[in-house]
Amino acid sequence: METISFTKSTLEEFIHSDKFDQLTNIPISKLRAISQINNPRAKDEQILLVAQLDENKTVGYLGILPDEIYINNQPHIIGWLTCFWVNEEYKSQNVAANLFLRAIRAYDKNIFITNIVPRLEPVYQKTKLFFPTGYKTGYRGYFRFNLAEILPPKKAVFQRIKPLLQLGDAILNTITDTRFIWNKQKPINNFEYIQTIDHISDDFFIKHQKHNWIKRSKKEINWILQYPWLMQGEDTEQLAKRYYFSCIEKAFKTKVVQFKNDKDEIIALLILNIKNKQLTVPYLFAEPKDFPLFSSFLFNLMSSERLTMFTSYHSEFCNYLTTIKTPFLFSKEMKKPYFISKKFEALQNLNFQDGDGDCAFY
C-alpha cells in the first residue's frame, strides 16, 4: 500500500493518468479535482487530497479545501476537511488515523470542519485539536411533501416501499397545492439573475462582510460558480460505484440573484442552490429591513418550481422567518456543527455564511 499527498500539479497529473482510470474506486471526482486545482486561495505547494491506495483499489481518502480566515482583517491559512472515506475492508489497519494525521500536519493543525456525520463528532473531539463543537441554529421549511426522498436513506424498509411513498406524495401535494391558488405571494419585479460577480456586486459583498470570518469575494464566488462539484445528469448509479460522494445529481443548478432599489442601487444579493427540488442559500447579503422583499421572492420561486424544502442557517433571516406567516406546511429547527482549531482562540461566535467551507458546492 502507498499513501500519496496531492498538490495542484500532482492532482492534475493523477486524474489524467492511466492509474486513475484503472482504479476500481476513485479518491476524487474529476469535477471536484478540477475545482480544487482552480481554487484561487490554494497555493501550489498545499495538499488538496491525501489518498491511500492498494494497487488498483482505493483504501481511503481525505480531501482538504485550502482557505483563509480573517482575524483583525489579517488572513490566516486554514484547511477545511472534506470527503473523508475509508474502505470497510481496511478499517482495522489505522487508515483513517493515517490520513487524518497527514492532513493536520500539512496545515500545522489549522483545520476547520463542518457538515459532518453526527457519529464522527466524538471521534474528532477525542483528538483534542478542536474547541468544543460549535453549532449554528438553522431553519428548515417543508414546502411540499417529499417523503419518498426523505425517508428511504433513514431505513431500508422505506426504500422497499418507495413507490408507495411516491404515490402518497403525489396525492398529498395535489391536495395541499391548492393553497397556492388562494394565497399567492406579492409579485417581485426589482431583481435580476446574474451570471458572474462584477466589481459593483463585489463592492456590495465586501461592505456586508465586515464581521464574516472567511470574507469570500469576487474571485472566490466566481470560482464557485465556474467550477462546481456537482453536475446535472442521469448517470448517478454508475459513478456511485466508483466514488462514494456526490458528483452527479438528477437536478442541480446555482442561481445568483441581485435586488436593486429605485435608484438602481444593489440592496440584496443571494446565491441559491437548487438540488433535487431542495433550496439552500449559500450566501445571503442584505439588511434585515429587506428580508420581506426576498422572502417573498423565495416563496414565489419555490411555488413556480414546485420545490419541496428550504434550509438556511443565516441567523437573522431564520429569526425573521419564525416571526411571519409562511407558506410552509411545517418547519423545524436545525443544527449545523463546526469544529474550530484550538489555534484560533481569538475567534468568537460562528460568523460564517452558509456556503463557507465546502458547503457552497452542495
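What percent does the relative contact order of the range 18-176 come to when contacts are Cα pairs within less than 8 Å and at least six residues apart? Once divided by the residue count of the range 18-176, the mean separation gives 14 percent.
Bridge orientation summary for the range 2-108: considering DSSP beta bridges with both residues in this region, about 100 percent are antiparallel.
Once C-alpha pairs closer than 8 Å and six or more residues apart are averaged by separation and normalised to the residue number of the chain, the relative contact order reads 22 percent. The residues Phe6, Phe285, when put in order of fewest to most other Cβ atoms within 10 Å, stand as Phe285, Phe6. Of the beta bridges in the range 200-322, as assigned by DSSP with both residues counted there, near 75 percent are antiparallel. Could you work out how far helix 162-176 tilts from the main Cα principal axis of the chain, as a 0 to 90 degree angle to the nearest 10? Between helix and principal axis, roughly 30 degrees. Listed by Cβ neighbour count within 10 Å, with the fewest neighbours leading, Phe158, Phe259 appear as Phe158, Phe259. If you take the Cα centroid of the range 327-362 and the Cα centroid of the range 24-78, the two points sit 20 Å apart. Packing around the peptides 34-44, 146-156, 49-59, taken as the average count of other Cβ atoms within 10 Å per residue, puts them in this order, highest first: 49-59, 34-44, 146-156. Charged side chains reduced to their Cβ positions (Lys and Arg at +1, Asp and Glu at -1) give the chain a dipole of some 1140 debye around its Cα centre. So which trypsin sites (Lys or Arg not before Pro) in the range 205-267 pass both tests, a DSSP loop state and at most 10 other Cβ atoms within 10 Å of the Cβ? Hits after loop and neighbour filter: Lys210, Lys241, Lys263. Less than 5 angstrom separates the built amide H of Phe130 from those of Lys342, all sequence-distant by 5 or more or on a different chain.
With θ taken as phi - 60° and the Karplus curve 6.51 cos²θ - 1.76 cosθ + 1.60 applied, the whole-hertz 3J(HN,Hα) list for the range 298-308 is 5, 5, 4, 4, 5, 5, 5, 9, 6, 6, 9 Hz, x standing for glycine and proline. Once you charge only the Cβ atoms, +1 for Lys and Arg and -1 for Asp and Glu, what is the size of the charge dipole of the range 207-362 about its Cα centre, to the nearest 20 debye? The calculation lands at about 220 debye. The lysines within cross-link reach of Lys154, meaning a Cα-to-Cα straight distance under 25 Å and a gap of 8 or more places when in the same chain, are Lys91, Lys136, Lys162, Lys241, Lys250, Lys275, Lys277, Lys332, Lys335, Lys336. Once C-alpha pairs closer than 8 Å and six or more residues apart are averaged by separation and normalised to the residue number of the range 2-108, the relative contact order reads 25 percent. Quick one: work out the % antiparallel among DSSP beta bridges in the chain, nearest 5. If I count the DSSP bridges inside the chain, around 90 percent turn out antiparallel.
Values quoted throughout were computed directly from the atomic coordinates according to the rules given, and no laboratory measurement underlies them. The structure displayed is predicted, hence computed values, not measured ones. Quick reminder, even Gly has a Cβ in these numbers, built from the backbone with ideal geometry, and neighbours come from all protein chains shown.
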